[in-house]
Amino acid sequence: MNDLRAVVFDTDGVLIATADRHAAAWKEVFDGCLPEWQPSHGGAGPSPFDAVREYRDLVDGRSRLDGVRAFLTARHIGLPPGTPGDPPGCATVHAVAARKEEVFSATLRADGVRAFADVRPALRELRERTIRCAAVSASRHARSLLESAELIGYFDTVVDGRDAAALALPGKPDPALFLEAAGRLGASPAHTAVVEDALAGVEAGHRGGFRLVVGLDREGAPGMRDALGAHGADLVLRDLGGLPAALEGGRRP
């Protein structure tokens with residue numbers, strides 16, 4: 001596989017089927033807060049959170065705090081930042097992020113988590129080819145989710161939201177999380193591929209100068225393939241089944 005030595009995978013939506021739960025949790029939180037932030041004054045109320053378009057464009061792949069900030073900015077809503085100790089609610093950025101954490105955690109307790117069917121075969125093939133692998137996520141749940149899905153043993157390292165907080169790493173689209181993972185694998189970006197399904201994550205891989213940025217479009221949503229390409233994906237796949245073969249070239253087109 002030429003001199004491509006490592007692959008850094010995003011977690012939610014790439015390895016485990018949790019993206020829809022994140023979207024639903026964000027929708028519950030934002031829709032619950034919007035009437036408080038943008039009262040109707042007798043007219044039509046604020047438009048609800050779009051769990052497809054706004055999720056994709058504003059919060060997918062970002063940390064909870066960055067996701068809240070991006071949504072508020074897009075809706076022209078001003079909210080004080082608050083502090084990490086704020087209880088879940090709508091009054092501050094930290095309170096909204098805490099509420100999203102609360103809602104998402106409840107869904108995980110109720111429904112559990114599963115890996116996509118194509119993940120283990122792809123990871124086994126990469127291991128056979130001595131390609132080192134890392135899992136990356138802005139979520140603080142990443143390690144426990146990977147353990148629940150029985151995937152943790154396939155990775156040489158994991159970089160998640162707890163690491164980002166401890167190391168003061170900026171979130172995507174900054175490439176810091178990916179660069180940290182590559183460093184832990186002992187590989188430079190020039191010898192590493194990134195696999196992402198979020199626009200912010202694809203952009204992070206592109207900004208980081210990684211050898212290959214693979215966009216994953218599992219749902220085949222209208223316009224998503226083009227959007228991934230516009231944000232920096234070198235190629236777009238529907239699943240991980242074709243990843244080992246796609247990595248053979250190992251170069252940006």
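Each value in this text was obtained by applying a stated rule to the coordinates, not by laboratory testing. Because the structure is predicted, anything quoted here is derived from the model rather than measured. Cβ coordinates were reconstructed from backbone atoms using ideal geometry, including for glycine residues, and neighbour counts include every protein chain displayed.
What the table below lists for this structure:
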read-out	value
Estimated [θ] at 222 nm from DSSP helical runs (n ≥ 4, -39500 (n - 2.57)) normalised by residues in the chain, nearest 500	-12000 deg cm²/dmol
Relative contact order of the chain, pairs being alpha-carbon contacts under 8 Å that are 6 or more residues apart, as %	23
Fraction of beta bridges assigned by DSSP in the chain that are antiparallel (%, nearest 5)	5
Computed over the range 20-111, Cα set: Rg, Dmax in Å	12.6, 39
Sites matching trypsin sites (Lys or Arg not before Pro) across the range 161-253 that sit in DSSP coil, with at most 16 neighbouring C-beta atoms within 10 Å	Arg238, Arg251
Loop-exposed GluC sites (Glu not before Pro) per DSSP, neighbour cap 14 Cβ within 10 angstrom, longest uninterrupted part of the chain	1-149
Rg/Rg_globular for the chain, with Rg_globular taken as 2.2 N^0.38 Å and Rg from C-alpha atoms	1.01
